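Data block below; observations after.
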Amino acid sequence: MTTNNDLDRRDALKLIAGGLGFAALGARAEPAASAGAEPFLAAPPMETVRIGFVGVGGQGTAHVENLLRIEGCVIKAVDDIVPEKVTRIQDMVERAGFPRPTGYSRGPTDFVRMCETEELDLVFNATPWEWHVPICLAAMRNGKHSATEVPAAYTVDDCWALVEGAEKYRKHCVMMENCNYDRMEMMVFNMVRQGLFGEILHAEGGYLHDLRSVKFSPEGEGLWRRAHSMKRNGNLYPTHGLGPVANCLDNNRGDRFASLVSMSGPSRGLQLYAQEHFPEGSPQRREQYVLGDVNMSLIKTANGRTVCVSHETNLPRPYSRVHLVQGTRGLFQGYPHRVYIEGRSKADEWEPAESYLAEFGHPLWKQMEEKSRGAGHGGMDFLEDYRLIKCLREGVPTDMNVYDAAALSVVTPLSERSVANGGRPAEFPDFTRGHWKAWQPLGIVTA
Ligand SMILES: NC(=O)c1ccc[n+]([C@@H]2O[C@H](COP(=O)([O-])OP(=O)(O)OC[C@H]3O[C@@H](n4cnc5c(N)ncnc54)[C@H](O)[C@@H]3O)[C@@H](O)[C@H]2O)c1
């Protein structure tokens, strides 16, 4: 089914892709066309980051609230298809003591006008998935850095378009993976760096979240997220589980995801939910879903290590991101969080991970705990926004770069391809074009 929204998006993409010099997002030229492109990792520093924010629903509003409390940035423009949401954010920014940002609300592609007319350093978006790529490309093409909510993209071509856009315009395209900044994830990363688990051999991550009521809601994500379950079958939301463990495996910095196999089971949960929550004859009860309720993907890295990533959003269950990191000396396993270290833990017994926080808690958490209290998702969203602004101001590489955005997001289309091909392996593109071999592992970042 083609909707007006699809057509608007396609027109916007054509317009934006024209400036990239390749037939973006249709039949794109293969990587050879961009061979010789210089990787992009850091930009000149700046005193104040002037931000245009696109998409101020649930998650966008939470980011705006954080940004208003972070030194060295200002929200200059705000865009949403719903004018009342724009006004609400304009009021919020003014109440926080800043000048009223310019509002944009002339339809789904008004972000292009914003990017063309406003003097901004960063265009940050928290829109539905289908808009992330057009917005990032419009930003970079108009000389602005871009930051996007997850996943950055969900086709292989779109992942390449972001990489090639960042390289061509020398602008950041940062995927805002907040789970990289959660307390346990950061502690585990710190423990990996200190060698507690030995050589890391295997990891698991997932997004196991009962989203049935969210998908059927008449507002917020209900307006767009359920539609993906009607058309697509694979891991639609891989980055929360993968982001943190990818850092532990030095993805793109000494190793890289090489290939993936993926399988989905039957699709039952949404049908059942619709039957039980909507009256006979309602349109929801006639909807057909193709998204398997449980999807499992297994990734092999170039250095031969394994990562299992799962997706499950249609079944009753408590929340989990799985979170397992295993090495030659021990392992961490999440939900509930526990640790086993040979020689330190009692033989064959888990220890509660909380008991490791005092010794191995990440320095960023220790520095920022007070400031981040009360912010979205237990404070991790504040740390994430803080780090982005700090890196931009200092002109240093961001914690996540466009190559990470592409390598993590591309799991979605590769899983869809593998599922459609009966579980056959799908190869990851090397978005770094070989640079992963030389790029240095991520360090322990601070405030
Ligand atoms: N990192 C996290 O923990 C987390 C949590 C929730 C959502 N998200 C991500 O954030 C994004 C938004 O999710 P949400 O829950 O805030 O959804 P939402 O539906 O509440 O908000 C989306 C907003 O974008 C606006 N919008 C839609 N199309 C637009 C367009 N073309 N131009 C401008 N504005 C447009 C909508 O009006 C709405 O205000 C998604 O990518 C989602 O995956 C991430």
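The values are calculated or read from the model by the stated rules, or taken from the named source; none is laboratory data. What you are looking at is a predicted structure, and each value in this text was computed from that prediction instead of being measured. Note that each Cβ is placed from the backbone with ideal geometry, even for glycine, and that neighbours are counted across all protein chains shown.
Kindly indicate which of 284, 288, 326 is assigned to a helix (DSSP H, G or I) and not aromatic (Phe, Trp, Tyr).
Exactly one of 284, 288, 326 is assigned to a helix (DSSP H, G or I) and not aromatic (Phe, Trp, Tyr), namely 284.
Give me a count of the residues in segment 299-316 that are part of a loop (DSSP other than H, G, I, E, B) and of a type in the set (Gly, Ala, Ser).
Going through segment 299-316 one residue at a time, the tally reaches 2.
What about residue 123, is it of a type in the set (Val, Ile, Thr) and in contact with a Lys or Arg (Cβ under 7 Å, 6 or more places away or on another chain)?
So residue 123 passes the test.
Matching residues to (1) modelled with pLDDT of 95 or more; (2) more than 10 Å from the ligand (Cβ to nearest atom); (3) more than 18 Å from the chain's Cα centre (by Cα):
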position: 66; (1), (2), (3): yes, yes, no
position: 71; (1), (2), (3): yes, yes, yes
position: 75; (1), (2), (3): yes, yes, yes
position: 81; (1), (2), (3): yes, no, yes
position: 93; (1), (2), (3): yes, yes, yes
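Take segment 251-269 and flag every residue that is surrounded by 20 or more Cβ atoms within 10 Å (Cβ to Cβ) and under 24 Å from the mean Cα position of the chain (by Cα).
251, 252, 253, 256, 257, 260, 262, 264, listed by residue number.
Let me confirm something: among 60, 52, 36, 18, which residue is loosely packed, with under 14 Cβ neighbours inside 10 Å, modelled with pLDDT of 55 or more and small (Gly, Ala, Ser)?
The match here is 36.
With the checklist (1) under 19 Å from residue 387 (Cβ atoms); (2) among the hydroxyl-bearing types (Ser, Thr, Tyr); (3) more than 10 Å from the ligand (Cβ to nearest atom) in hand, flag the one item residue 102 doesn't pass.
Among (1) under 19 Å from residue 387 (Cβ atoms); (2) among the hydroxyl-bearing types (Ser, Thr, Tyr); (3) more than 10 Å from the ligand (Cβ to nearest atom), the lone unmet condition for residue 102 is (1).
If I filter segment 165-190 down to residues being within 26 Å of residue 418 (Cβ to Cβ) and assigned to a helix (DSSP H, G or I), which single residue comes out as farthest from the ligand (Cβ to nearest atom)?
180
From the list 137, 162, 122, which residue is more than 9 Å from the ligand (Cβ to nearest atom), within 20 Å of residue 442 (Cβ to Cβ) and either among the aliphatic types (A, V, I, L, M) or within 23 Å of the chain's Cα centre (by Cα) (or both)?
The conditions single out 162.
Looking only at segment 109-118, which residues are touching a residue at least 12 places away in the same chain (Cβ under 8 Å), within 12 Å of the ligand (Cβ to nearest atom) and either in a helix (DSSP H, G or I) or of a type in the set (A, V, I, L, M) (or both)?
Quick first cut of segment 109-118, residues touching a residue at least 12 places away in the same chain (Cβ under 8 Å) only: 109-112, 114-116, 118.
Those still in the list that are within 12 Å of the ligand (Cβ to nearest atom) too: 109-112, 114-115.
Listed by number, the residues that qualify are 110, 111, 112, 114, 115.
Looking at (1) outside any loop (DSSP other than H, G, I, E, B); (2) touching a residue at least 24 places away in the same chain (Cβ under 8 Å); (3) out of contact with any Leu (no Cβ under 6 Å at 6 or more places or on another chain), which one does residue 198 not meet, given that it meets all the others?
Here residue 198 clears every test but (1).
Which of the residues spanning segment 139-151 are touching a residue at least 40 places away in the same chain (Cβ under 8 Å) and in contact with an Asp or Glu (Cβ under 8 Å, 6 or more places away or on another chain)?
Result: 144, 145, 150.
Within segment 87-105, which residues are in a strand (DSSP E or B) and closer than 25 Å to residue 227 by Cβ? Lay out the reasoning, then the answer.
Kept after step one, since they are in a strand (DSSP E or B), are these residues of segment 87-105: 102-104.
Matches in segment 87-105: 104 only.
Rundown of residues vs (1) part of a strand (DSSP E or B); (2) aromatic (Phe, Trp, Tyr); (3) within 19 Å of residue 308 (Cα to Cα); (4) without any contact (Cβ under 8 Å) to a residue 40 or more places away in the chain, yes/no style:
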{"position": "205", "(1), (2), (3), (4)": "yes, no, yes, no"}
{"position": "214", "(1), (2), (3), (4)": "no, no, no, yes"}
{"position": "218", "(1), (2), (3), (4)": "no, no, no, yes"}
{"position": "235", "(1), (2), (3), (4)": "no, no, yes, no"}
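Here's the yes/no breakdown for (1) in a strand (DSSP E or B); (2) touching a Pro at 6+ places or on another chain (Cβ under 9 Å):
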position: 107; (1), (2): no, no
position: 120; (1), (2): no, no
position: 123; (1), (2): yes, no
position: 131; (1), (2): no, yes
position: 151; (1), (2): no, yes
position: 158; (1), (2): no, yes
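Any residue at all in segment 225-245 that is more than 25 Å from residue 294 (Cα to Cα), modelled with pLDDT of 95 or more and touching a strand residue (DSSP E or B) at 6+ places or on another chain (Cβ under 8 Å)? Full working, then the answer.
Restricting attention to segment 225-245, the residues satisfying the condition of being more than 25 Å from residue 294 (Cα to Cα) are none.
There is no residue in segment 225-245 that is more than 25 Å from residue 294 (Cα to Cα), modelled with pLDDT of 95 or more and touching a strand residue (DSSP E or B) at 6+ places or on another chain (Cβ under 8 Å).
Keeping to segment 340-372, report how many residues are in contact with a Phe, Trp or Tyr (Cβ under 6 Å, 6 or more places away or on another chain) and touching a residue at least 60 places away in the same chain (Cβ under 8 Å).
Summing the residues that are in contact with a Phe, Trp or Tyr (Cβ under 6 Å, 6 or more places away or on another chain) and touching a residue at least 60 places away in the same chain (Cβ under 8 Å) in segment 340-372 gives 0.
Among the residues of segment 197-216, count how many are surrounded by fewer than 21 Cβ atoms within 10 Å (Cβ to Cβ) and over 30 Å from residue 234 (Cα atoms).
2
Report, by residue number, each residue of segment 158-186 that is under 11 Å from residue 406 (Cβ atoms) and among the acidic types (Asp, Glu).
Selection gives 158, 164.
With respect to residue 242, determine if the residue is out of contact with any Pro (no Cβ under 8 Å at 6 or more places or on another chain), of a type in the set (A, V, I, L, M) and surrounded by 23 or more Cβ atoms within 10 Å (Cβ to Cβ).
Yes, satisfied.
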